[in-house]
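Everything below concerns the one structure shown next.
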Amino acid sequence: MGYKGGMGNMGNMGNMLKQAQKLQEEMAKAQEELKTKTVEASVGGGAVQVVVSGKMELIELKIKPEAVDPEDVEMLEDMIKAAVNEGFRKVEEMTASEMGKLTGGLKIPGLF
């Protein structure tokens, strides 16, 4: 009994590790780039508009004057929450899309 072909398997393992390391580096770079991107979302026909960064931070909030009704503050609060949540959803979608390009659609737990 010998280890015929054993070195070939070790070579394949080395290539797999190099590929995994390269993928990890590319994903780290993509994650950094995503942090610099922004998405926009609006609700109520543009009554409330937000800009959210790839770091999931609210960058900008615009409220049209006609959206401000002192008799119905709750509606404005709901629109703001809906716009911010839509912005966050768009960031998650953008992140999944960009990471999916790198992983060929393979879902890797803990990465996105």
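Laboratory data are not the source of any read-out in this text; all were calculated from the coordinates shown. These numbers were taken from a predicted model, which means no experiment stands behind them. FYI the Cβ positions are ideal-geometry reconstructions off the backbone, even for glycines, and counts take in every protein chain you see.
Quick one: in the stretch 15-60, which of the residues that are in a helix (DSSP H, G or I) and polar (S, T, N, Q) is surrounded by the most Cβ atoms within 10 Å (Cβ to Cβ)?
Gln31
Can you find, within the stretch 43-91, the residue that is farthest from the chain's Cα centre (by Cα) among those that are over 30 Å from Ala28 (Cβ atoms) and in contact (Cβ under 8 Å) with a residue 40 or more places away in the chain?
Step by step, filter the stretch 43-91, then rank; the result is Val43.
Which pairs do you get when a residue that is under 10 Å from Ala30 (Cα atoms) and touching a residue at least 60 places away in the same chain (Cβ under 8 Å), found in the stretch 92-103, comes within reach of a residue that is surrounded by 14 or more Cβ atoms within 10 Å (Cβ to Cβ) and acidic (Asp, Glu), reach meaning Cβ atoms under 8 angstrom, with the pair 6+ apart or on two chains?
Final answer for the pair search is Leu102/Glu26.
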